[in-house]
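First the structure, in the form of structure tokens, and then the observations on it.
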Amino acid sequence: MVINPTFRYPPKPSVPALVHVRSFGHYRIPEPVWHDKKAQKNFLQMFWGIRGSAVLRHHGKKYTLEPENVCFYLPGDIHDISIQSTPLEYCWLTFDGDNLEHLIQCFNITRTPFHAGPCPLEIFQSLDINLHNYAPYGEYLASADGYKILCLAFAGEPQETTLSARFKLLVEENLADPELHPAQLAATLNIHPTTLNRNISAATGMTPIEYLTAIRLQQALTLIRTTSRSFKEIAEECGFANANYFAKVFRKKFGCSPSGFRQGAEPAEGH
């Protein structure tokens with residue numbers, strides 16, 4: 001049995017970080033009779049399942065922690081954890097500090113378990129090392145590790161597939177072609193356009209045409225700010241039919257003209 005929590009020193013946060021990690025643990029429990037000490041705790045605790053399963057109880061409700069799932073106890077909850085199947089292995093970390101309520105609201109954290117993918121053990125290991133560094137430097141890095149773990153949990157597993165990878169490569173290789181279109185890409189990939197749309201939407205959260213436009217505009221943003229090329233040259237390099245059409249698409253997306261962006265205007269997403 002391995003139960004070896006690591007705690008921040010000093011116990012109270014000492015640096016002005018937005019996220020404060022209080023403690024961490026990597027538990028490996030082969031015995032089915034283990035039961036964590038039942039207690040009320042005033043911090044946020046996150047659990048990431050690796051093997052086996054555990055039951056977390058709160059006010060008569062049961063929440064099951066399965067492999068590749070994440071769940072939480074909220075501040076003020078009575079922690080009541082027991083084994084459901086062995087060998088049980090999971091990582092956990094706790095958060096505290098003045099920004100805790102805001103953190104919970106931003107991520108919409110609840111007790112309900114959800115699938116997050118494989119536990120990022122290398123980041124938990126980094127967190128363990130940084131919690132053992134008692135200087136402010138270590139506390140800052142532990143905060144960064146904790147925030148990254150949170151973001152990975154809510155991001156979930158990447159939906160990349162062989163098909164979406166091939167699609168992205170085709171887009172990258174043919175970006176300057178103004179005739180490039182999802183129907184043409186589907187034909188090149190020897191699939192139906194509906195299949196392409198479904199796969200790319202799942203992988204990127206955008207339709208193929210939205211993804212193609214996003215890549216073109218991202219490239220254009222870079223070229224406008226980092227080169228002195230004319231907008232006609234940039235439009236051609238990014239696959240827009242002409243400079244006028246490029247300016248129209250750019251303004252619709254960002255609320256400013258390409259020339260305005262070059263002069264320092266910030267794009268307004270969703271304009």
- What residue, among those in the range 128-165 that are in contact with a helix residue (DSSP H, G or I) (Cβ under 9 Å, 6 or more places away or on another chain), surrounded by fewer than 17 Cβ atoms within 10 Å (Cβ to Cβ) and of a type in the set (D, E, K, R), is modelled with the highest pLDDT? Lys148
- Got a sec? Which of Asn190, Asn197, Asn174 is open to solvent by 40 Å² or more (accessible area, probe 1.4 Å) and touching a Gly at 6+ places or on another chain (Cβ under 9 Å)? Asn174
- Unmet requirement for Ala241, which otherwise passes all of (1) crowded, with 16+ Cβ neighbours inside 10 Å; (2) over 27 Å from Ala165 (Cβ atoms); (3) among the aliphatic types (A, V, I, L, M): (1)
- Task: Kindly indicate whether any position in the range 7-22 is part of a loop (DSSP other than H, G, I, E, B) and touching a Leu at 6+ places or on another chain (Cβ under 6 Å).
- Result: yes
- Within the group Ile191, Ile215, Ile200, Ile209, which residue is over 25 Å from Ala155 (Cα atoms), in contact with a helix residue (DSSP H, G or I) (Cβ under 8 Å, 6 or more places away or on another chain) and among the β-branched types (Val, Ile, Thr)? Ile191
- Query: Among (1) of a type in the set (S, T, N, Q); (2) open to solvent by 80 Å² or more (accessible area, probe 1.4 Å); (3) assigned to a strand (DSSP E or B); (4) closer than 27 Å to Leu141 by Cα, where does Asn42 come up short?
  - Reply: (3)
- Query: If we keep just the residues of the range 86-108 that are of a type in the set (Val, Ile, Thr) and in contact with a Leu (Cβ under 7 Å, 6 or more places away or on another chain), which is most open to solvent (accessible area, probe 1.4 Å)?
  - Reply: Ile104
- Task: Quick one: which helices (runs of 4 or more DSSP H) lie wholly within the range 156-228 and hold at least 3 residues that are in contact (Cβ under 8 Å) with a residue 40 or more places away in the chain?
- Result: 162-173, 193-204, 208-226
- Message: Can you list residue pairs whose Cβ atoms sit under 6 Å apart, with the first residue in the range 112-127 being surrounded by fewer than 17 Cβ atoms within 10 Å (Cβ to Cβ) and the second being hydroxyl-bearing (Ser, Thr, Tyr)? Count only pairs 6 or more apart in sequence or on different chains.
- Response: none
- Tell me which residues, restricted to the range 258-271, are in a loop (DSSP other than H, G, I, E, B) and exposed (fewer than 13 other Cβ atoms within 10 Å of the Cβ). Gln263, Gly264, Glu266, Ala268, Glu269, Gly270, His271
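Look at Gly255 and say whether it is more than 25 Å from Leu169 (Cα to Cα), touching a residue at least 12 places away in the same chain (Cβ under 8 Å) and either of a type in the set (A, V, I, L, M, F, W, C) or surrounded by fewer than 19 Cβ atoms within 10 Å (Cβ to Cβ) (or both).
Here the answer is yes, as Gly255 does meet what is asked.
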- Identify, from the list Pro67, Pro75, Pro16, the residue that is in contact with a helix residue (DSSP H, G or I) (Cβ under 9 Å, 6 or more places away or on another chain) and either open to solvent by less than 60 Å² (accessible area, probe 1.4 Å) or at pLDDT below 95 (or both). Pro75
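The values are calculated or read from the model by the stated rules, or taken from the named source; none is laboratory data. As the structure is a computational prediction, the values presented were derived from the model and not from experiment. Neighbour counts are summed over all protein chains in view; Cβ atoms, including those assigned to glycine, are modelled from backbone coordinates with ideal geometry. Side chains included, ligands, DNA and RNA excluded: accessible areas come from the protein's heavy atoms. Shrake-Rupley method; radii C 1.70, N 1.55, O 1.52, S 1.80 Å.
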